[in-house]
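Some notes on the structure that comes next.
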Amino acid sequence: MEKITVEMCVGTSCHLYGALDLAQVIEEVNMKYPERLEIISRTCLGKCGKGPNVLLAGKLLERITPEELRNEIIQLLRKKEKENESR
(Lines give C-alpha, C1' and ligand atoms only; values in the text may rest on other atoms or scores of the structure.)
Protein backbone atom coordinates (compact mmCIF):
# COMPACT_ATOMS: atom_id res chain seq x y z
CA MET A 1 0.00 0.00 0.00
CA GLU A 2 1.40 3.39 -0.94
CA LYS A 3 2.37 5.75 1.84
CA ILE A 4 0.87 9.19 2.31
CA THR A 5 3.48 11.91 2.52
CA VAL A 6 3.14 14.36 5.41
CA GLU A 7 5.62 17.24 5.21
CA MET A 8 5.53 19.40 8.31
CA CYS A 9 7.19 22.77 8.57
CA VAL A 10 9.41 23.01 11.63
CA GLY A 11 10.78 26.46 10.87
CA THR A 12 10.79 29.22 13.46
CA SER A 13 7.50 30.81 12.44
CA CYS A 14 5.56 27.55 12.27
CA HIS A 15 7.18 26.42 15.50
CA LEU A 16 5.83 29.56 17.19
CA TYR A 17 2.40 28.96 15.65
CA GLY A 18 2.20 25.46 17.17
CA ALA A 19 4.02 22.98 14.94
CA LEU A 20 4.89 20.81 17.94
CA ASP A 21 1.19 20.16 18.56
CA LEU A 22 0.87 19.07 14.93
CA ALA A 23 3.88 16.77 15.28
CA GLN A 24 2.18 15.08 18.21
CA VAL A 25 -0.97 14.48 16.15
CA ILE A 26 1.05 13.09 13.25
CA GLU A 27 2.83 10.66 15.58
CA GLU A 28 -0.49 9.56 17.15
CA VAL A 29 -2.00 8.85 13.74
CA ASN A 30 1.19 7.12 12.63
CA MET A 31 0.96 4.77 15.62
CA LYS A 32 -2.68 3.97 14.80
CA TYR A 33 -1.90 3.42 11.11
CA PRO A 34 1.68 2.07 11.11
CA GLU A 35 3.63 2.02 7.87
CA ARG A 36 1.05 4.26 6.15
CA LEU A 37 2.66 7.68 6.56
CA GLU A 38 5.94 9.05 5.29
CA ILE A 39 6.78 11.89 7.67
CA ILE A 40 9.17 14.60 6.53
CA SER A 41 10.30 17.66 8.48
CA ARG A 42 10.91 20.78 6.41
CA THR A 43 12.42 24.07 7.50
CA CYS A 44 10.03 26.11 5.37
CA LEU A 45 7.00 25.63 3.14
CA GLY A 46 6.97 29.27 2.04
CA LYS A 47 3.92 30.47 3.97
CA CYS A 48 5.52 31.67 7.20
CA GLY A 49 2.79 34.19 8.02
CA LYS A 50 0.08 31.55 7.66
CA GLY A 51 1.50 28.85 9.91
CA PRO A 52 1.56 26.27 11.11
CA ASN A 53 1.77 24.65 7.70
CA VAL A 54 1.69 21.05 6.53
CA LEU A 55 1.96 19.64 3.03
CA LEU A 56 -0.31 16.59 3.02
CA ALA A 57 -0.06 14.45 -0.10
CA GLY A 58 0.89 17.53 -2.08
CA LYS A 59 -1.86 19.77 -0.65
CA LEU A 60 -0.72 22.75 1.42
CA LEU A 61 -2.70 23.17 4.63
CA GLU A 62 -2.25 26.62 6.16
CA ARG A 63 -3.15 27.67 9.72
CA ILE A 64 -4.06 24.07 10.38
CA THR A 65 -5.13 23.07 13.87
CA PRO A 66 -4.22 19.72 15.40
CA GLU A 67 -7.82 18.49 15.18
CA GLU A 68 -8.17 19.60 11.55
CA LEU A 69 -4.92 17.86 10.68
CA ARG A 70 -6.00 14.65 12.39
CA ASN A 71 -9.27 14.69 10.43
CA GLU A 72 -7.53 15.44 7.11
CA ILE A 73 -5.03 12.61 7.52
CA ILE A 74 -7.63 10.06 8.62
CA GLN A 75 -9.96 11.01 5.76
CA LEU A 76 -7.12 10.58 3.28
CA LEU A 77 -6.11 7.23 4.79
CA ARG A 78 -9.70 5.96 4.59
CA LYS A 79 -10.01 7.17 1.00
CA LYS A 80 -6.83 5.28 0.07
CA GLU A 81 -8.15 2.14 1.81
CA LYS A 82 -11.37 2.28 -0.21
CA GLU A 83 -9.42 2.78 -3.43
CA ASN A 84 -7.30 -0.27 -2.65
CA GLU A 85 -10.36 -2.38 -1.82
CA SER A 86 -11.99 -1.56 -5.16
CA ARG A 87 -8.94 -2.76 -7.12
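The values are calculated or read from the model by the stated rules, or taken from the named source; none is laboratory data. Computed from a predicted model, the values in this text were never measured in an experiment. No Cβ is skipped: glycine too gets one built from the backbone with ideal geometry, and neighbour counts run over all protein chains shown. When the accessible area is computed, the model is the full protein with side chains, heavy atoms only, and any ligands, DNA or RNA have been set aside. Shrake-Rupley method; radii C 1.70, N 1.55, O 1.52, S 1.80 Å.
Brief remarks follow.
- Put the Cα centre of segment 28-86 next to the Cα centre of segment 1-25 and the gap is 8 Å.
- Neighbourhood charge, 13 Å Cβ-Cβ cut-off, centred on Leu76 and excluding it, Lys, Arg +1 and Asp, Glu -1: +2
- Accessible area of the chain belonging to carbon and sulfur atoms, whole % at 1.4 Å probe: 49
- Listed values (i) 2.47; (ii) 1.07; (iii) 1.18, entry calculated as Cα Rg over 2.2 N^0.38 Å: (ii)
- For the chain, cysteines whose Cβ has no other cysteine Cβ within reach (under 4.7 Å): Cys44, Cys48
- Nearest-ten-degree value, helix 19-32 long axis tilted from longest Cα axis of the chain: 10
- Environment charge at Gly46 (Cβ cut-off 12 Å; Lys +1, Arg +1, Asp -1, Glu -1): +1
- In summary, the lysines within cross-link reach of Lys80, defined as a Cα separation below 19 angstrom excluding same-chain residues under 8 places away, comprise Lys3, Lys32, Lys59.
- Looking at segment 13-87, the GluC sites (Glu not before Pro) that sit in a DSSP loop and have at most 11 other Cβ atoms within 10 Å of their own Cβ are Glu35.
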